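See below for the structure under consideration.
The values are calculated or read from the model by the stated rules, or taken from the named source; none is laboratory data. As the structure is a prediction and not an experimental result, all values here were calculated from the model. All Cβ positions, glycine included, derive from the backbone under ideal geometry; neighbour counts span all protein chains shown. Just the protein is used for accessible areas: all its heavy atoms, side chains included, with ligands, DNA and RNA removed. Shrake-Rupley method; radii C 1.70, N 1.55, O 1.52, S 1.80 Å.
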Amino acid sequence: MVAVAYNFALPQQVSSLHGRVQTENGKPADAATIVLLKSKDSSVVQSSISGDEGTFGFNDINPGNYLIFISKLNYSKLYSGPYSIASGQNADAGTVILKQAAKQLTGITITGKKDFVEVHADKTVLNVDQNIMASGSSLYDVLTTSPGVKVVDNQVMYRGGQKALIAIDGKPVLLTGEELINLLKNYQSSSINRIELIDNPGAKYEASASGGMINIILKKNAGLGSNFSISQSAGLGDDYKYTTGLIYTLRTEKLNLFASYGFQDSKTPHTISNSREISSGGQTYDFNIDYLAHLKMVNNNFSIGTDYELAKGQTIGLLVNGFYNNMPIDKANITTVSINGQVDSTINTRSSIARTVSNMSYDLNYKGNLDKAGHSVLSGNADYVDYHRHSDEILQNDFFNATGQADGNPILYQDISPSHITIKSANIDFTQQIASSAQFDAGVKSSRVNSDNNIEFNQLISGIYQPVPNLTDHFVYNERIDAAYLGFQGKFNKTILSFNLRDERTSSSAFSVNPNREVDTSYNNLFPSASVSQQLDKNNFLTAFYRRNIHRPDYQDLNPFVGYVDTYYHTQGNPFLKPAYISTYEISDLVKDKYRVSLMEIVTDHYFNTIFEQDNATKVYTSTKANLGTHYQYQLELELPVDITSWWNISATADIFHEKYTYALDTVPSKTTNGFNIYLNQTIKLSERLSLQLYNKYESATYYIISDYRPLFYMSAGLSYSILKNKGSLTLNWSDIFNTDYNKYHTNYANLNITERDQLSTRMVLATFKYHFGRISPKVRSNNTDEQKRLGEGNEN
């Protein structure tokens, strides 16, 4: 049964400006470059190219005063305005007349200030090219140092520490967990134009966006012509890293082509020190684990896409991307067992893993105006993802007594675990502008997921690997989500109202062979949201909203396979894990179009996370995920980009929070905690060519899920020097300068008493060379080239 969902979803408060360009003889001035500038400092906001009828438009602009700069070959450049744009207004610039120039212009170059972090009423924009420390890094690396973004336990979290929806060019990525992290690690920063951290993405997007949406915008040409760039990086730290990136873009009147290729060869150490204490039978047992793994990754990745204008206002696009990773891992695990303070025995576990991961994804999209004015727009997407993972592990356990002598024969295991995930999804969206100050949206979406997983766990007996029955299994998970939404947004004087309602029906089946068990689940949920925005005065724009979301378990969270680490430590999925439901209340004030203050309350019912379960009799403890209870969050967030001088910019983000955890287990009391996080990014222009960037992050001591965490602080720095007439650059980055980027925590939950230090090494000195060349006509270099769009293409979001 296909569920029909309804969503009264109103987009964020948006303003727009449109107009028309003509020549002196009254003919349309097509292919003219139109640049939108801020009136106060002439910095560039957006750019567009006029259509066949000389029309142009700028969408998604903030309220304020603007100028328009217009240039066209053989015509004199022209400034028009200023135009005062109110919140939610669809302003008309009228008709602008161009005059014939005495001689042909060879191109216009416009410069403007561009900051790494830009704060808007409904989102924060990260201009990746302005982030010196992004050079030579992956998208995953960039996100881990983005303000307010955290990556914990293979989850990317943003607003309120909730799971964020990841999208590429406005198209949601349906991979989750480890599979999503692998995808992010295969996008090089050089292929990214900007990252949009969107607080309230609206009903068009999945209800799973409880932490907002992180929208990755890939690089495309803004002007006509072609462009090619290359980047090379090499770094040394505790191990090494080498990357190569190639990008090609081409734009004609009707065709927009963009392609990239990336290669990476890296090796990273991962260390864990774990101390676990058990009191049983009048004795105290201590299990101390020292774990060291070397994670090597050799990957090849590519992306190619095209947009083609079928007719005026009608565009079709195709995006294909893929990667192939060779990811061998060498692990050494030493477990020392003590009884009443005296060493009893030691287990050495050595492991070698041959692992490969590959992914291919395809997206076919269409967007078209149903009328000449562009008031009615129909769009659609069809997506297919094919993800493969194969892992072959050999483990050897060596046992030693209290004196360090061998105790019995070694035990050898073989773990073969292939996984195959396919995802199919399709959606249709419709937008209808009502008059000049209201908009109606509607759409439907359907997705299908199949996850097929095998594990063959064998023990070497008499020279032959033989199956271990309780560790061998086959697990198949199928999920279907059908949804639909309706939305309306209207502006009434200085007030913008938005109401949303989305319905999603989820049907899933999980089947495992050993034990023979099947879990079928079906549920239907409504996800309302509403917002109100008010322009209080010229310096304050107030927004309040409510939304309800869902956090579904990742596909592998439900996988019941037992992962063998050593004799006393296992991992296991939970096929009975249920989704969590999140209610968010937020009010924010955008001050002077630059600073933002937000206050939010978030309530999560049936929240789940990774916990440890311990059997005091066997001394085995297992890492799994479980529904724990209710989580209450109260948070104040400050976003403060400050220009200290014309050459020194500071972007500071701080959040102060109070949280309460209530647990379903009666034996576990409720827990409250307070804390704060500070993210500080400084950019200092030392000379015309040389720039310095400093990044600091501090997280206070706090309680999270079931553990008390120690404070975390780390610092990174980067230098960038422009060469070859500003077409190239040399950067030198030093990440985690003091080697302090690690988690240290203590767990005292149920019958657990664990202290752990976990560090995935990030300290490295990385040198990068970048060079770009090509021919763009007309030339536009601006403070927001990443936001330049062709008229008629609409929003990249």
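A few comments on the model shown:
- Remark: the Cα gyration tensor places the stretch 161-278 in the oblate category, a/c being 1.5 or greater and a/b not exceeding b/c.
- Per-atom-type breakdown for the stretch 617-684 gives carbon and sulfur 63% of the accessible area (1.4 Å probe, protein chains only).
- Calculated [222 nm] ellipticity per residue, helices only, for the chain: -500 deg cm²/dmol; basis is -39500 (n - 2.57) per DSSP H run with n ≥ 4, divided by all residues, nearest 500.
- Each peptide in 726-737, 474-485 receives the mean, over its residues, of other Cβ atoms within 10 Å, and ordering these scores from highest gives 474-485, 726-737.
- Solvent exposure of the stretch 289-355, expressed per residue, is 44 Å² of accessible area, with all protein chains present and a 1.4 angstrom probe.
- Cα shape, the stretch 220-285, gyration tensor, a/c 1.5 rule: prolate
- Each residue of the stretch 430-444 was assigned a 3J(HN,Hα) from its phi angle through the Karplus curve 6.51 cos²θ - 1.76 cosθ + 1.60 (θ = phi - 60°); the sequence is 10, 10, 10, 7, 10, 6, 9, 9, 8, 8, 10, 10, 8, x, 9 Hz, with glycine and proline shown as x.
- Mean Cβ neighbour count within 10 Å, used as a protection proxy, ranking 91-100, 301-310 highest first: 301-310, 91-100
- For the residues ASP153, ASP199, a 1.4 Å probe over the protein chains yields an accessible-area ranking, largest first, of ASP153, ASP199.
- In sequence order, the stretch 72-85 has phi-based couplings of 8, 3, 6, 10, 6, 5, 8, 10, 10, x, x, 10, 9, 10 Hz under the Karplus curve 6.51 cos²θ - 1.76 cosθ + 1.60, θ = phi - 60°, and Gly or Pro positions carry x.
- Per residue accessible area of the stretch 518-658, 1.4 Å probe, in Å²: 41 Å²
- In order along the stretch 689-706, the Karplus-derived 3J(HN,Hα) couplings, from 6.51 cos²θ - 1.76 cosθ + 1.60 at θ = phi - 60°, round to 10, 10, 10, 10, 10, 10, 10, 10, 9, 9, 10, 6, 4, 7, 9, 9, 6, 9 Hz, and Gly and Pro are given as x.
- Accessible surface of the stretch 284-341, 1.4 Å probe: 64 percent of it comes from carbon and sulfur atoms.
- Those chymotrypsin sites (Phe, Trp or Tyr not before Pro) in the stretch 532-580 that DSSP places in a loop and that have at most 14 other beta carbons within 10 Å: PHE576
- Global geometry of the stretch 301-430, whether rounded, prolate or oblate, following the gyration tensor of its Cα atoms and the 1.5 cut on a/c: prolate
- Rounded to the nearest whole angstrom, the semi-axes of the ellipsoid equivalent to the stretch 508-667, taken from the Cα gyration tensor as √(5λ), stand at 42, 21, 15, largest first.
- With every protein chain in place, the stretch 369-467: carbon and sulfur % of accessible area (1.4 Å): 55 percent
- Shape analysis of the stretch 443-581 yields a ratio of the Cα radius of gyration to the Kirkwood radius, Rg/Rh, of 1.24.
- With DNA, RNA and ligands ignored, accessible area of ASP407 (1.4 Å probe; Å², nearest 10): 90 Å²
- Under-5 Å amide H pairs with TYR703, H placed in peptide plane, nonlocal only: ASN674, TYR709
- The chain: antiparallel DSSP beta bridges as a percent of all, rounded to 5: 95 percent
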